[in-house]
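Undergrad: Got a structure for you, written out below as structure tokens; questions coming shortly.
The values are calculated or read from the model by the stated rules, or taken from the named source; none is laboratory data. No experiment lies behind these values; they were computed from the predicted model shown. We place every Cβ from the backbone using ideal geometry, glycine too, and count neighbours over all the protein chains shown. Accessible surface is based on the protein model in full, side chains and every heavy atom, while ligands, DNA and RNA are left aside. Shrake-Rupley method; radii C 1.70, N 1.55, O 1.52, S 1.80 Å.
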Amino acid sequence: MAKEMIIVLDFGGQYNQLIARRVRENNVYCEILPYTASLEEIRALSPKGIIFTGGPNSVYDPESPHYSKDIFELGIPILGICYGSQLMAWALGGVVETAPVSEYGHTDTCLDVNSPLFEGCSEKTSVWMSHTDYIARTPEGFNIIAHTPVCPVAAMEFPDKKLYATQFHPEVLHTAEGKTILRNFVKNICACEGEWKMESFIESAVQELREAIGDKRVILGLSGGVDSSVAAALLSKAVGKQLTCVFVDHGLMRKNEGDEVQRIFTQRFDMEFVRVNCQEHFLQALKDVVDPEQKRKIIGTEFYRVFWDEIKKLQEDGLSYFAQGTIYPDRIESGKGKNKKSAVIKTHHNMVEQPKDVQFLGTIEPLKDLFKDEVRAVGELLGLPRDLVWRQPFPGPGLGVRVIGAITAEKVSLLQDADWILRDEMSKNGYESQLSQFFCVLPGVNTVGVMGDFRTYSDLIVIRAVTTDDFMTADWARIPYDILAKVSGRITNEMKGRVNRVVYDITSKPPATVEWE
């Protein structure tokens, strides 16, 4: 599997795993190492290339993460990104300073397309910048190969030593030709042939799971979403009937979804399936709770409590492993990336600490290093039905984070009905396949309206829809007005007296997140 490998050396940036994902898109195996990895460890892996990630620090701060400049003498091609570019410049004798003008977001940049890094790119292109420091002077031997009006060294190279650096982030979708740039580095500069495919991940993961689990039982907390479903399929392939799936229905799912989950998994999988219906329990635990972080933690904690109460009888002959469908965006947004220095954006329900009375042999997270589209690819290769693999993403806390403010059974029911109308209309118009995620939000706001000759004062519904391929960044979807009008008309008419206004969220991520809470 690792016949040819690219190493991503992590200096604390939030896009570290996204860089690895872009490398894997070129069918080249990629592994992330912390910046504390020794030169001997790196040399032993015989990588064909190394990528330095970005990071929040300043290289001239002695407390910032650094690396021995001996790494540049290995004869291995290196690409520095953002902080990684500044680190390369600083370590090799260049000058890095606070920039007179910081750059954030889309930035028009001039490229030297004669550089092998920019082969096939446009001379002028849009890139994604995010920096307050800049390279004021390049090290000896380096050529400047990109610039902006305020950033004289947007990229540099030392082709004889195969050292390259970009101040911007080629790994994010907002850099128009970023995939081309990374492909040039991986395929042309590092001379990788690209023989690694997702089948290799499955083979490796199955082998690792078998070795880790042995003859023990595994209990999976199944939500019925894409992530936990693919985790279940992967575990089933690895350990077969040693897997038990427990579906805790907290009553915060979409309309009729609990029944759909039970039908799919009892008909398609040869495993023990346990469903626990406990909406009242969760509503009582969430009573009068408004803070979204507290909601997530309560739902996560109560999930484990219910889960434990239900499955402890299965462990009478010995403890089991606990499995869950955590994927990389869950970890990075909870501040638990590879080097544990990432900022906490929001706590995901499956990243909270387990209650002390919950005991397992260990936690199994077979998808923890994959992004959503990679998880879907694994699911398809494992033979899961397409309608399950490509179903809409849904947060573990469910509608608990789509009902803003205190949660009641009435509010959950109202949101379920509105969300069902949205999904039904997207399906009828054939538009759902063009969206990465869409749903309704109940913000807890009443607005004045008029129906017939009477004044109304009813709930407001928000429609949220985005397009993305990694969920680290996302753009609001340009749904045709006639479709939005049909959805709005159906919601206000079919839910007459309950909803009198529908609005559409046109905010991208960043600055917003996909979910409202």
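Undergrad: Pick from region 14-33 the residues that are open to solvent by 10 Å² or more (accessible area, probe 1.4 Å) and polar (S, T, N, Q): which of them is modelled with the lowest pLDDT?
TA: Top of the filtered list is GLN14.
Undergrad: Using the structure shown, decide if LYS509 is in contact (Cβ under 8 Å) with a residue 40 or more places away in the chain, in contact with a strand residue (DSSP E or B) (Cβ under 9 Å, 6 or more places away or on another chain) and within 24 Å of VAL226 (Cα to Cα).
TA: Working: in contact (Cβ under 8 Å) with a residue 40 or more places away in the chain: yes; in contact with a strand residue (DSSP E or B) (Cβ under 9 Å, 6 or more places away or on another chain): yes; within 24 Å of VAL226 (Cα to Cα): yes.
So LYS509 fits the description; yes.
Undergrad: So, in region 197-232, exactly how many residues are part of a helix (DSSP H, G or I), of a type outside the set (Asp, Glu), under 25 Å from the mean Cα position of the chain (by Cα) and buried (at least 21 other Cβ atoms within 10 Å of the Cβ)?
TA: 7
Undergrad: Something else about it: If you scan region 110-149, which residues turn out to be of a type in the set (Val, Ile, Thr) and under 18 Å from ASN184 (Cα atoms)?
TA: Going through region 110-149, the residues of a type in the set (Val, Ile, Thr) turn out to be 113, 125, 127, 132, 135, 138, 144-145, 148.
VAL113, THR125, VAL127, ILE144, ILE145, listed by residue number.
Undergrad: Hey, can you tell me all the residues within region 258-308 that are touching a Lys or Arg at 6+ places or on another chain (Cβ under 6 Å) and not polar (S, T, N, Q)?
TA: Keep residues of region 258-308 that are touching a Lys or Arg at 6+ places or on another chain (Cβ under 6 Å), which gives 262, 289.
Passing the criteria: only VAL289.
Undergrad: Follow-up question, since we're still on this one. Those residues that are part of a loop (DSSP other than H, G, I, E, B) and either surrounded by fewer than 19 Cβ atoms within 10 Å (Cβ to Cβ) or of a type in the set (Asp, Glu) (or both), I need them from region 36-56; list them, please.
TA: Within region 36-56, the subset part of a loop (DSSP other than H, G, I, E, B) is 36-38, 46-48, 53-56.
Residues satisfying the conditions are THR36, ALA37, SER38, SER46, PRO56.
Undergrad: Let me ask something else about it. Can you find, within region 435-482, the residue that is surrounded by the fewest Cβ atoms within 10 Å (Cβ to Cβ) among those that are part of a loop (DSSP other than H, G, I, E, B), under 23 Å from the mean Cα position of the chain (by Cα) and aliphatic (A, V, I, L, M)?
TA: Applying the first criterion (part of a loop (DSSP other than H, G, I, E, B)) to region 435-482 yields 435-436, 443-445, 452-453, 468-473, 477-480.
So of that shortlist, the ones also under 23 Å from the mean Cα position of the chain (by Cα) come out as 435-436, 468-473, 477-478.
With aliphatic (A, V, I, L, M) added as a condition, the list becomes 435, 472, 477.
Details: LEU435: 15, MET472: 22, ALA477: 20.
The qualifying residue surrounded by the fewest Cβ atoms within 10 Å (Cβ to Cβ) is LEU435.
Undergrad: Taking region 129-180 only, how many residues are part of a strand (DSSP E or B) and more than 23 Å from the chain's Cα centre (by Cα)?
TA: If we filter region 129-180 for residues that are part of a strand (DSSP E or B), which is where we start, we get 129-137, 143-147, 155-158, 163-166.
Filter again for more than 23 Å from the chain's Cα centre (by Cα), leaving 132-137, 143-147, 155-158, 163-166.
Looking only at that region, the number is 19.
Undergrad: Determine if region 380-402 includes at least one residue that is closer than 23 Å to SER320 by Cβ, in contact with a His (Cβ under 6 Å, 6 or more places away or on another chain) and at pLDDT below 90. Steps first, answer last, please.
TA: Taking region 380-402 first, the residues closer than 23 Å to SER320 by Cβ are 382, 396.
So of that shortlist, the ones also in contact with a His (Cβ under 6 Å, 6 or more places away or on another chain) come out as 396.
Then drop every residue that is not at pLDDT below 90, which leaves 396.
Scanning region 380-402 turns up at least one residue that is closer than 23 Å to SER320 by Cβ, in contact with a His (Cβ under 6 Å, 6 or more places away or on another chain) and at pLDDT below 90.
Undergrad: Let me ask something else about it. If I ask for residues that are surrounded by fewer than 19 Cβ atoms within 10 Å (Cβ to Cβ), in contact with a strand residue (DSSP E or B) (Cβ under 7 Å, 6 or more places away or on another chain) and of a type outside the set (S, T, N, Q), which ones from region 73-102 would you list?
TA: Residues satisfying the conditions are VAL95, GLU97, ALA99.
Undergrad: Restricting to region 65-123, name every residue that is β-branched (Val, Ile, Thr) and in contact with a Ser or Thr (Cβ under 8 Å, 6 or more places away or on another chain). It would help to see each step written out before you state the result.
TA: Step one: of region 65-123, the residues β-branched (Val, Ile, Thr) are 71, 76, 78, 81, 95-96, 98, 101, 107, 109, 113.
Those that are β-branched (Val, Ile, Thr) and in contact with a Ser or Thr (Cβ under 8 Å, 6 or more places away or on another chain): ILE81, VAL96, THR98, THR107, THR109, VAL113.
Undergrad: Here's another thing I want to ask about it. Looking at region 411-426, can you tell me whether even one residue there is modelled with pLDDT of 90 or more and part of a loop (DSSP other than H, G, I, E, B)?
TA: no
Undergrad: Return yes when THR125 is at pLDDT below 95, part of a strand (DSSP E or B), farther than 14 Å from GLY80 by Cα and of a type in the set (S, T, N, Q) and no when it is not.
TA: Working: at pLDDT below 95: no; part of a strand (DSSP E or B): yes; farther than 14 Å from GLY80 by Cα: yes; of a type in the set (S, T, N, Q): yes.
No.
Undergrad: Which residue is nearest to GLY13 (Cα to Cα), if the candidates are limited to region 127-164 and must be surrounded by fewer than 17 Cβ atoms within 10 Å (Cβ to Cβ) and polar (S, T, N, Q)?
TA: THR132
Undergrad: Just for region 103-115: of the residues that are open to solvent by 50 Å² or more (accessible area, probe 1.4 Å) and not charged (D, E, K, R), which one is nearest to VAL172 (Cα to Cα)? Explain how you work it out, then say what you get.
TA: So in region 103-115, the residues open to solvent by 50 Å² or more (accessible area, probe 1.4 Å) come out as 104, 106, 108, 112, 114.
Subsequent filtering for residues that are not charged (D, E, K, R) retains 104, 106, 114.
Values: TYR104: 13, HIS106: 11, ASN114: 23 Å.
Filtering region 103-115 for residues that are open to solvent by 50 Å² or more (accessible area, probe 1.4 Å) and not charged (D, E, K, R), the one nearest to VAL172 (Cα to Cα) comes out as HIS106.
Undergrad: Name every residue in region 483-507 that is among the basic types (Lys, Arg), surrounded by 17 or more Cβ atoms within 10 Å (Cβ to Cβ) and assigned to a loop (DSSP other than H, G, I, E, B), in order of residue number. Talk me through it step by step, then tell me what you get.
TA: Quick first cut of region 483-507, residues among the basic types (Lys, Arg) only: 486, 490, 496, 498, 501.
When the remaining residues are screened for being surrounded by 17 or more Cβ atoms within 10 Å (Cβ to Cβ), the result is 498, 501.
ARG498, the sole residue that qualifies.
Undergrad: So, PHE11, is that one open to solvent by less than 50 Å² (accessible area, probe 1.4 Å), of a type in the set (Phe, Trp, Tyr), touching a Pro at 6+ places or on another chain (Cβ under 7 Å) and closer than 20 Å to ALA165 by Cα or not? Steps first, please.
TA: Values: open to solvent by less than 50 Å² (accessible area, probe 1.4 Å): yes; of a type in the set (Phe, Trp, Tyr): yes; touching a Pro at 6+ places or on another chain (Cβ under 7 Å): yes; closer than 20 Å to ALA165 by Cα: yes.
The answer is yes for PHE11.
Undergrad: Output the helices (runs of 4 or more DSSP H) that fall wholly within region 245-331 and possess 3 or more residues being surrounded by 18 or more Cβ atoms within 10 Å (Cβ to Cβ), touching a strand residue (DSSP E or B) at 6+ places or on another chain (Cβ under 6 Å) and modelled with pLDDT under 85, or say none. Reasoning before the result, please.
TA: Working: elements: 257-268, 279-285, 292-311.
Of the helices (runs of 4 or more DSSP H) lying wholly inside region 245-331, those with at least 3 residues that are surrounded by 18 or more Cβ atoms within 10 Å (Cβ to Cβ), touching a strand residue (DSSP E or B) at 6+ places or on another chain (Cβ under 6 Å) and modelled with pLDDT under 85 span 292-311.
Undergrad: So which residues in region 178-205 are modelled with pLDDT of 95 or more and in contact with a Lys or Arg (Cβ under 9 Å, 6 or more places away or on another chain)?
TA: Pass one, region 178-205, residues modelled with pLDDT of 95 or more: 178-192.
GLY178, LYS179, LEU182, ARG183, VAL186, ILE189, CYS190, ALA191, CYS192 - these are the residues of region 178-205 that are modelled with pLDDT of 95 or more and in contact with a Lys or Arg (Cβ under 9 Å, 6 or more places away or on another chain).
Undergrad: In addition: With respect to ASP387, determine if the residue is acidic (Asp, Glu), over 30 Å from LEU286 (Cβ atoms), surrounded by fewer than 17 Cβ atoms within 10 Å (Cβ to Cβ) and touching a residue at least 60 places away in the same chain (Cβ under 8 Å). Before you say what the answer is, go through the steps one by one.
TA: Details: acidic (Asp, Glu): yes; over 30 Å from LEU286 (Cβ atoms): yes; surrounded by fewer than 17 Cβ atoms within 10 Å (Cβ to Cβ): yes; touching a residue at least 60 places away in the same chain (Cβ under 8 Å): no.
No.
Undergrad: Further, regarding this structure: Would you say THR175 is among the hydroxyl-bearing types (Ser, Thr, Tyr), farther than 28 Å from ARG24 by Cα, crowded, with 18+ Cβ neighbours inside 10 Å and in contact with a Phe, Trp or Tyr (Cβ under 9 Å, 6 or more places away or on another chain)? First the steps, then the outcome.
TA: On the way: among the hydroxyl-bearing types (Ser, Thr, Tyr): yes; farther than 28 Å from ARG24 by Cα: no; crowded, with 18+ Cβ neighbours inside 10 Å: yes; in contact with a Phe, Trp or Tyr (Cβ under 9 Å, 6 or more places away or on another chain): yes.
No: the conditions fail for THR175.
Undergrad: For region 442-461, check the following and say yes or no: at least one residue is out of contact with any Leu (no Cβ under 8 Å at 6 or more places or on another chain) and closer than 21 Å to LYS372 by Cβ.
TA: The answer is no; no qualifying residue exists.
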